[in-house]
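Beneath this line is the structure, given in structure tokens, with notes to follow.
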Amino acid sequence: MKTKILLTIVIAFSIFTTAFAQKGLNFVFSVQPDMKMIGGDFNVPTSSGSYIPMDKKMGIGFQAGGAIGYNFTDNLGLSLGLMYSAQGQNYDDYVLSESDYNGSNFYTATSTVTRKVSLNYLKLPFQFNFNTNPANTVAFAGFAGFYLGVLLSYTDETTINGTYNDGFGTETYHASAIAKEDQVTYLETSSFSASESNTSPLSEKPYKTADFGATIGAGIQLKLSDKISLPIMLNYQIGLADVKNNGSLVTHDSGDTDLYWNSFASYDDRNIAESYHNSTLGLLFGLKITL
């Protein structure tokens with residue numbers, strides 16, 4: 001499916017370029033550092049047996065690429081771009097502490113959960129562009145449109161580091177699940193036992209191949225010459241599609257299968273009900289060349 005979507009993007013970009021090749025094009029090369037976010041919660045257990053979402057923290061991503069555009073008037077036009085976009089979500093560490101009596105003595109346990117998601121896309125943004133007066137040295141500029149994204153790669157990583165003390169000794173342990181491409185790698189280590197590692201195949205990636213969303217931006221355009229200008233704009237993109245694939249299955253060494261979103265990396269099936277939507281907010285720096 002990814003190959004078909006990528007081929008569609010290349011064909012669409014080629015058709016757009018050919019259609020306006022004789023009418024005076026403009027090219028924009030841009031880079032955009034941004035804040036990356038995923039809407040939707042990731043739930044972890046509490047000491048009381050209930051579940052709460054992990055707190056999110058700001059992650060830094062970026063987009064880079066180019067676009068070909070055509071102006072119908074001095075102020076209005078449209079463009080089609082091809083952008084690489086590094087997105088995802090970072091989370092604050094979650095610490096779970098508990099103490100109880102296990103039948104013979106008291107014990108204390110502390111676990112720290114760490115989670116990070118990285119999603120890398122090739123995006124095809126289609127935009128309607130506006131500027132107040134390109135003849136001015138400084139002009140107000142803006143755009144609005146839609147984008148289609150194709151997932152190039154992903155990493156979904158959850159780790160647990162903890163200690164357990166039963167009054168006779170303290171055990172330290174580490175467990176992790178890292179999903180990439182078509183497999184999940186599990187690792188478990190303990191100060192009281194040998195480490196264990198295995199790789200389990202995935203029936204499908206836990207994130208969907210395609211994303212679709214809206215984009216809007218506003219800022220200024222600095223004129224350097226009749227042919228060259230520098231757009232600087234604040235750009236917000238919001239995904240309209242759920243990028244989480246709830247049909248992804250993990251096949252364990254035992255031969256048993258489990259839904260990825262209800263496996264080690266997710267603790268509880270309430271994560272299946274969550275919808276994940278990408279979004280970014282960044283500052284676009286461009287170089288616009290008018291032919």
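For the residue pairs Lys57/Lys116; Lys116/Lys180; Lys180/Lys244; Lys116/Lys205, the alpha carbons lie no more than 19 Å apart in every case. Under the convention that each Lys and Arg Cβ holds +1 and each Asp and Glu Cβ holds -1, the size of the dipole of the chain around its Cα centre is about 1920 debye.
Helical runs (DSSP H, four residues minimum) scored at -39500 (n - 2.57) apiece and divided by the length of the chain put the mean residue ellipticity at 222 nm at -2000 deg cm²/dmol. Summarised as an ellipsoid, the chain has semi-axes of 48, 20, 14 Å, derived from the eigenvalues of the Cα gyration tensor scaled by 5 and square-rooted, with the largest first. Summarising the label geometry, the points placed 7 Å from Cα in the beta-carbon direction at Ala218 and Ser48 lie 4.4 nm from one another. The residue among Ala67, Thr155, Thr209 whose Cα reaches farthest toward the positive pole of the charge dipole of the chain, with charges on the beta-carbon of Lys, Arg, Asp and Glu, is Ala67.
Between Glu181 and Leu234, the contour length at 0.36 nm per residue exceeds the Cα-Cα span by 15.8 nm.
Loop-resident chymotrypsin sites (Phe, Trp or Tyr not before Pro) (DSSP state other than H, G, I, E or B) in region 109-149 with no more than 12 further Cβ atoms inside 10 Å of their Cβ are absent.
Applying both filters, DSSP loop and at most 13 other Cβ atoms within 10 Å, to the GluC sites (Glu not before Pro) of region 92-185 gives Glu181.
Identify the GluC sites (Glu not before Pro) of region 186-291 meeting these criteria: DSSP loop state and at most 15 other C-beta atoms within 10 Å of the C-beta. In loop regions of region 186-291 (DSSP not H, G, I, E or B), the sparsely surrounded GluC sites (Glu not before Pro) are Glu204. Annotation for region 103-140 versus region 178-248: alpha-carbon center distance of 8 Å.
Only the coordinates and a few stated rules stand behind these numbers; no lab work does. What you see is a predicted model; the values in this text were computed from it and never measured. Here the Cβ is made from the backbone with ideal geometry for all residues, glycine too, and neighbour counts use every protein chain on show.
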